[in-house]
Amino acid sequence: MLSIRDLHARIGERKILKGLNLEVGAGEVHAIMGPNGSGKSTLASVLAGREGYEVTNGRVEYLGQDLLAMEPEERARAGVFLAFQYPVEIPGVNNAYLLKAALNAVRRPRGLPELDAFEFLALVREKMKLMQMDESFLNRGVNEGFSGGEKKRNEILQMALLEPRLAVLDETDSGLDIDALRVVAAGVTSLRAPDRAIVLVTHYQRLLDYIEPDFVHVLSDGQILKSGDRTLALELEKRGYDWVRQEAKVA
Amino acid sequence: MSTTPTDLDALVAQKYRHGFVTDIESDTLPPGLDEDVIRLVSRKKGEPEFMLDWRLKAFRHWLTMREPDWAHLRIAPIDYQSISYYSAPKKKDGPKSLEEVDPKLLATYEKLGVPLHERARLAGVAVDAVFDSVSVATTFKDRLAKAGVIFCPFSDAVRDHPELIERYLGSVVPHTDNYFAALNSAVFTDGSFVFVPKGVRCPMELSTYFRINAANTGQFERTLVVAEEGSHVSYLEGCTAPMRDENQLHAAVVELVALSDAQIKYSTVQNWYPGDENGVGGIYNFVTKRGECRGANSRISWTQVETGSAITWKYPSCILTGENSVGEFYSVALANHCQQADTGTKMIHIGRNTRSTIVSKGISAGRGQNTYRGLVKILPSAEGARNYTQCDSLLMGDRCGAHTFPYMEIKNPTAVVEHEATTSKIADDQLFYCRSRGISEEDAVNMIVNGFCKAVFKELPMEFAVEAQNLLAVSLEGAVG
């Protein structure tokens, strides 16, 4: 579904991704782990099309399309979803309004009819139950005055509504207490599906206690140094990242 | 997403939608202004003696005045002798009903989105349509008449209700008030008059569409709204003008009088031609709007959405004379391309326990310059007065400007005056967030701008809130791209 080959990217003069390779198949959950500054969030941003990141080399193919050639909104409509590490506040814009606009924007290219206000409300209420969110969220400004946990829940609520083919979750676990983490993780787990791939970008392995990945990759200095299964994450937790780097050097 | 020159090209490529000229034979005076012109205008309109005297007094005073230069505006000199002061569609007798109105005129309104029939039928809005200087059609007169409400062209009111005109005209904005108000008092040709008698709640929204059509004509309309004790009225004006290379002058005066327990809500959606991307052409909009809460517990509320005009000089104000009276000002002002807006309000607190609220939202894009200028004045007599002011500016791109000049004169120690101000840019983060949810950049900009303006839009009558949102969307097409 997603194929990243020899990806190089930089912000200004600073090179961040230096030849990253990754293959993600439908139905799979991949965890990308790594120390601070290794390029995890850059990878997520490049996949979603954020400005300011210059791709200097490499290809990203998504469902047979050249992902990097697409505008951010085109990627979203094609089924790519990014759950933000720091969801931005948009004062005065009703959360429900944004959700409905987003939902209809991704439904149109899929050939689905637009939902009217009633159909939308019924659907969003059902999804909000899943995320244990209060209905008052709908009438607040987008992320306006939300706590850290509320913002992350809101992200996963959007994912549940938009039903992406490829979801990239950028440090969705950061800043969450253990209860919020459980709710968010349960939400994500319920969205696992045979035709959907999920890429979890995370610093800590604790998220993986709740969302069990099929593959774990270690990202360091802009490259994937090691890949493995669930046990790799546990080993990283015990031993840190240094040994992976040492190993890579020796090899 | 960040504003590059190419994006700005896209921004300025957007065209003014209402730029068409209706080809109708006009009865237009040659350019120039002296006492003879004023006498002629007054005679053409069949005015009583007191009106002519008032006009001449205003004219003589105007000659002693100088144009104000304190606003944050760059204005090319205006040659007042090159303007024609009267232009009326040529017709022997005034139309008695819509059927008699020149179909071309009606078609013009159609293009503007003011189909009289539709509007009348669907929205229940009575429209007093001012085409250049003479009102051509007034709907719903009968239903209003039954309620005792007078809603008619100003010139009709001068003929049919001279005692009301003589009593209230100039009682809030005197003919000596300022340069443009004095000019208006001397040469105004038409406008609207509203009178809501004691205890009457006006059965519908009243609405006037103004449009400047003939070339080189200034439009000087005059609106007077009087709400007697305990009455309610909501009034909306919408404005557009065709595209022309020359600048056109619009110097209007609006006076509102609210007696005890009366409420007046006055809403404006202004979309005069703003000029092209290089600042050529466009309306000079110099308008004096003021309301007086003359009686106790009265309320005057101004809501304006200003998206057009090359230059806007406009400060809808409230004089809060009556005890416990309330003044409100809600404003969205947009300055795109080379537009300049210097707008705001004055709240003059005279009576005890008077309250005022000011919410101003300025949006600057392109090379637009947007200025909020406001005065909150609490006189010694205004025991317990309150004011709350909120002034927010939104910038799009890096060649525009936002300026805020809040003045406060507090002469009573019991007053509580609050002022909040913010300036923000549409953040790339906000745009990216929306786009990554599948929403196009243009829709995202609209969404964010509308969110910014929400506190003002919710004050507009429902059917016009939608119109205002659409107008803003059109005016900002490609503003960030």
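So the values come out like this:
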quantity	calculated
All helices (runs of 4 or more DSSP H) inside the range B:1-72 with 3 or more residues being at pLDDT below 85	B:5-12
Residue ranges of strands (runs of 3 or more DSSP E) in the range A:167-251 with at least 1 members touching a strand residue (DSSP E or B) at 6+ places or on another chain (Cβ under 7 Å) and among the small types (Gly, Ala, Ser)	A:197-202, A:223-228
Pick from the range B:260-306, criterion farther than 30 Å from residue B:200 by Cβ and β-branched (Val, Ile, Thr), ranking: modelled with the lowest pLDDT	B:280
Residue match in the range A:86-100 (condition: buried (at least 19 other Cβ atoms within 10 Å of the Cβ), within 12 Å of chain B (Cβ to nearest Cβ) and over 27 Å from residue A:122 (Cα atoms))	no
Breaking point among (1) over 24 Å from residue B:451 (Cβ atoms); (2) basic (Lys, Arg); (3) within 13 Å of chain B (Cβ to nearest Cβ), for residue A:129	(3)
Tally of residues being touching a residue at least 40 places away in the same chain (Cβ under 8 Å), surrounded by fewer than 15 Cβ atoms within 10 Å (Cβ to Cβ) and more than 12 Å from residue B:81 (Cα to Cα) across the range B:26-46	2
Helices (runs of 4 or more DSSP H) within the range B:123-214 that include 3 or more residues within 22 Å of the chain's Cα centre (by Cα), modelled with pLDDT of 70 or more and surrounded by fewer than 22 Cβ atoms within 10 Å (Cβ to Cβ)	none
Close pairs (8 angstrom Cβ cut-off, 6 or more residues apart or separate chains): at the interface with chain A (Cβ under 7 Å from one of its Cβ atoms) in the range B:427-440, surrounded by fewer than 24 Cβ atoms within 10 Å (Cβ to Cβ) and among the hydroxyl-bearing types (Ser, Thr, Tyr) anywhere	B:428/B:2
Lone unmet requirement of (1) within 18 Å of residue A:95 (Cβ to Cβ); (2) in a strand (DSSP E or B) for residue B:443	(2)
Criterion violated by residue B:461 - all others in (1) more than 14 Å from chain A (Cβ to nearest Cβ); (2) at pLDDT 90 or above satisfied	(2)
Some residue of the range A:172-179 being within 14 Å of chain B (Cβ to nearest Cβ), surrounded by fewer than 21 Cβ atoms within 10 Å (Cβ to Cβ) and in contact (Cβ under 8 Å) with a residue 40 or more places away in the chain	no
Enumeration of residues in the range B:236-248 that are crowded, with 23+ Cβ neighbours inside 10 Å and modelled with pLDDT of 80 or more	B:237
Of all residues making up the range A:34-79, the number that are away from chain B (no Cβ under 14 Å), of a type in the set (D, E, K, R) and surrounded by 18 or more Cβ atoms within 10 Å (Cβ to Cβ)	1
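The values are calculated or read from the model by the stated rules, or taken from the named source; none is laboratory data. In this text, all values refer to a predicted model and were calculated from it rather than measured experimentally. Cβ sites come from the backbone with ideal geometry, for glycine too, and all protein chains shown count toward neighbours.
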